[in-house]
Each structure stands twice: as structure tokens, then as C-alpha cells.
Amino acid sequence: GRYYYVKSYRREKTPDGVEPPTSRVFLREDGKEEMIFGEGVPTSHFITLRRSTSGLRALLEVNYGWTRNTVYGGDLKDPASWRRVYGGDGFVAHPIDFVEGGYLIASYEGGGFGKLLHVTDGGVREVVGEGKYPLQGAALVDSKIVATYLVDASSTIKIYDLSGLPHGERGLLPQGTISLLDSDGREVLLKYESFTVPYRFFSLRGDLELREVDKAEAGLGEVSIEDRWTRSKDGTPIHYFLVRKRGTEASRALVYGYGGFRISITPRFNPLFAALIEGGAALAVANLRGGCEFGEEWHRAGMRERKQNVFDDFAAVLRDLKEAGAKVVAFGRSNGGLLVSTVMTQHPELLDGAVIGYPVIDMLRFHRLYVGKAWVPEYGDPDDPGDREFLLRYSPYHHVRAGVEYPPTLVYTGLHDDRVHPAHAFKFVARLRDVGARPLLRVETASGHAGASPEIKAREEADILSFVYRVLGVEA
């Protein structure tokens, strides 16, 4: 058989001698492998590859960090034809498909909310301009564009023709996340989920009618979901969802946040959160700067020297709930672990408990561990004196202090996490114990950064849930 694949280099150099981390595209045919794209692509640049719905065109991205990339394309069967199509410094662009002799591209240049362009050898034509809300994704169905947008961190669908003429909106359930899973050009498969619905799958064809094809039997019922707003330290309005069983007070809450890497935190079903809500506690999910819920400028306002904005945003949500009389546990994982550990060291009085999973903690050495070098565009470079200065201002490991009463804390990690080194978690727990705190450390011996068997994941989440129940006083 013949197929292409993208190989990631995490520890060894590429065949063309570039230091990791980075990636290359290979062709495997008749038992032989050949590198066919990516020669000279530098360290910390990563390649994605997929094909157009026709199956005739290759669609590639070369990404550096989360603020700029370049789109490439060409004849799928002829890698020598793959050429730069669009993109450059200062913005992100994604290839959607190949249609009418050109590439349909989602570009986040300008205001950063996203526009749809048609790019040919003859030039660039704007198909759908920037709107009031950020473009989340797009797909082609019978020469119509199905586009999803985020409105206050929830998805909506808009449909256009290839001239950019609107063909209306298609509403699903409120306060949910719509993902465009796959399209063959004639039909697109969509997934809907929310805090209460694990999944509903819909098909949309040329008649532009949504048809449900499958749904989960289980879920949460009789739940109240509120859109709430508070203000950060600098006056910026911060949105968060508050989810609870109808008729219960928000007197005990788990507060989840992430705030980074252009990741939008939208309503999704999580068994751990569902169990917590069933137990009578509330769930607060914060939309912080660093994400992309309100466009690219929202992301950039939480990067590098502006990272403190993210911590101030999360502190504002915690304060809003505390001032209303709630007992709160802050919860974050990976970059969200950095968020919770930082807010815990800056504002320990705002937390009644903290759950910190697979975290980045030591901001002066993260780039020396595993693939940490890839995060330099988002966080800054500890080897650069100017960047080191603002990293040191908040690095949680360097701000644990004696004489401070830290809240009950559960730190959890995995020995085989090859993205975020478990040393971050170990060092933070050791530092807390040095100053007299008594954090709990949970180490999973058979998990990666995100992957684990269902049994192992269930055990991990049961331990998290029992900790949160105990801190919040929820009866199991």
C-alpha cells in the first residue's frame, strides 16, 4: 500500500539534521519510507497534513507556536508539487478545502475573528468577511459553506454559498459545542455536546436540513446553566458558565479554567463534572484570556508578558463566587495546572481547595524538559533575559512562601507523561512541603499526558472526585 504520515521528532534529530522538537512528512510505499516534505523546517515548527474532500489535493500547515503558520497545498499524488499557498508572520490560517480551482482558507489576520478566503494562482478573494463573533470551523457541502461560530463560548452554525451570500443559520440546542467531524463534499457529519449531553450526531446535506443520526441515551437532566459575567483586575469583562442541579444553591463549586494556547473552553460533557453536579455541587467553567473564545486578540492578551491577565481573570471568577458565599475548589490540568498553581500562590485566600493535574510549574526550566521548547512562543524564552524577568514574576515554583496558609491541594501526574515532565509536579509538592503545607501527590504509573485506559482514567477521576467531595463537604 501507499500512504503518507507525519512523524514527530521529540528526542532525536530529523534526517536533515534539525534539532527536536519538530516534524516531517513521509511516504511509505512497498515497504520503503521516504521523507517527502519538511526539509529545513526549523525546531519548534510542526506540520499537519490531510486531503481535500475530493481526495485529489494535499492540504498542509507548517505551524510555529499558536500565532502564525503557513498553508501549503498541491496534487496529493505528487509531493513535488506541494507549494506555499497562504500565510505568513503574525496570523494563523487553516486550509478548509479545494474548490473551483482554488483553496478555501480560514484566515485570522486583521481583527482575529476569522474570515474565509478563496486563494488561486490569480489572487485572493474574500468570500466571508470578519463578523462580530470568532469563526470556529468550516466545511463544504454541495458548494455551500457550513461555518461554525462561537457566541459567548457556545457554538452556532451559519451557511453561505461560494460567493459569500448567507443562507441562514441552523440552531441546535443552546449552550453547546458543535464540531464538524468529517465531510465528503456532499454531506457533513456534526457532533453536538453540552454540559448535560454526551453527544448527538447530525448529518447535513445539500438540502441544508439537519438530521439526527445518533445520540447518547444517558446524560444530565433538570440542570440550570447560567451565563455569568464578572470583571478582571483591569476591568475586562470575563464570562463563565455556572452549572448546577435545578433548585440547588451555588454554595459549593468546582471552578475549572485553562487560559492558553488558543484553546476555546466551550460546553462539553465530562463524567467527573456530571458526577459532581449530581452530588449537589455547582460547576463553574471560566473563559479566560489566552483562549480563543473571543477571537485572536483575546488569545494574545494572555500570552508571554501578558500572561498575568489570565491569572487575574481566574481570580476574578473565584472572587465572584466567594463573595456570593460559595466554597470553591479550583481545578486545572496541563496549562490549567499552571493557572491553578499560580493563582494559589498569588491568592491562597480565594481557594478552599486546589486540584492541579499534569502541570507546568517551573517556568524557568520548562523548555529543558521533553517538548517544552515548543511552548516558548506562547510563554516566552527563559534563556532570554527580558522573557525570564516576566516568567519569574509568576512562576509558581518560585513563589511558594513560608508562613502562608495554602489550601488543601491535590497534585496529580503520570510517570509516562512525555509532554509535561512529571518533575514539575514533584518539585511543586516538595516545595510546598518544605514550607509546612501538606499537599497530596497522586502518581499514575500507566498513563501519558492525556491517554490512559478507561479503568485507569476511572480510578484517577474517582480519586479527584473524592478529594473535591471532602473539601466541599459533598456527601458521596
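Restricting the first residue to the stretch 1-20 and requiring it to be without any contact (Cβ under 8 Å) to a residue 24 or more places away in the chain and surrounded by 12 or more Cβ atoms within 10 Å (Cβ to Cβ), which pairs with a second residue that is part of a loop (DSSP other than H, G, I, E, B) and of a type in the set (V, I, T) meet a Cβ separation below 9 Å and a spacing of at least six or different chains?
That search, which allows pairs on different chains as well, returns K7/T14; Y9/V18.
May I ask you to say which residue of T248, T266, T230, T196 is surrounded by fewer than 17 Cβ atoms within 10 Å (Cβ to Cβ) and of a type in the set (S, T, Y)?
T248
Just to verify a result, which residue in the stretch 424-449, among those that are assigned to a helix (DSSP H, G or I) and within 23 Å of the chain's Cα centre (by Cα), is nearest to E460 (Cα to Cα)?
Here the answer is A425.
When L165 is evaluated against the numbered criteria (1) aliphatic (A, V, I, L, M); (2) loosely packed, with under 14 Cβ neighbours inside 10 Å; (3) under 27 Å from the mean Cα position of the chain (by Cα), which criterion, by number, is the only one it fails?
(3)
Looking only at the stretch 285-307, count every residue that is within 18 Å of I356 (Cα to Cα) and out of contact with any Gly (no Cβ under 9 Å at 6 or more places or on another chain) and tell me the total.
0
Could you tell me which of the residues G325, G332 is in contact (Cβ under 8 Å) with a residue 12 or more places away in the chain, part of a strand (DSSP E or B) and touching a Ser or Thr at 6+ places or on another chain (Cβ under 9 Å)?
Matching residue, one of G325, G332: G332.
Find the residue count for the stretch 299-309, including only residues that are part of a helix (DSSP H, G or I), in contact (Cβ under 8 Å) with a residue 60 or more places away in the chain and within 18 Å of F91 (Cβ to Cβ).
Of the residues in the stretch 299-309, 3 are part of a helix (DSSP H, G or I), in contact (Cβ under 8 Å) with a residue 60 or more places away in the chain and within 18 Å of F91 (Cβ to Cβ).
Can you pull out every residue in the stretch 168-189 that is within 11 Å of V141 (Cβ to Cβ), in contact (Cβ under 8 Å) with a residue 40 or more places away in the chain and not in a loop (DSSP other than H, G, I, E, B)?
Within the stretch 168-189, L180, S183, G185, E187, V188 qualify.
If we keep just the residues of the stretch 26-75 that are in contact with a Gly (Cβ under 9 Å, 6 or more places away or on another chain) and not in a strand (DSSP E or B), which is surrounded by the fewest Cβ atoms within 10 Å (Cβ to Cβ)?
Only one residue fits best here, namely D30.
Applying the selection to the stretch 195-219, what residues are outside any loop (DSSP other than H, G, I, E, B) and among the acidic types (D, E)?
E212, D214
Can you work out which of the residues in the stretch 169-184 that are under 18 Å from L208 (Cβ atoms) and out of contact with any strand residue (DSSP E or B) (no Cβ under 6 Å at 6 or more places or on another chain) is modelled with the lowest pLDDT?
G171
Cβ-Cβ distance below 6 Å, separation of 6 or more or different chains: which pairs start in the stretch 443-471 with a residue that is more than 12 Å from G414 (Cβ to Cβ) and end on one that is modelled with pLDDT under 90?
Y469/A476
Filter the stretch 374-386 down to the residues that are within 27 Å of S8 (Cα to Cα) and either surrounded by fewer than 20 Cβ atoms within 10 Å (Cβ to Cβ) or not hydroxyl-bearing (S, T, Y) (or both) and list them by number.
Answer for the stretch 374-386, where residues must be within 27 Å of S8 (Cα to Cα) and either surrounded by fewer than 20 Cβ atoms within 10 Å (Cβ to Cβ) or not hydroxyl-bearing (S, T, Y) (or both): A374, W375, V376, P377, E378, G380, D381, P382, D383, D384.
The values are calculated or read from the model by the stated rules, or taken from the named source; none is laboratory data. All of these numbers come straight from a predicted model, not from anything done at the bench. Neighbour counts run over all protein chains shown; Cβ positions are idealised from the backbone, glycine included.
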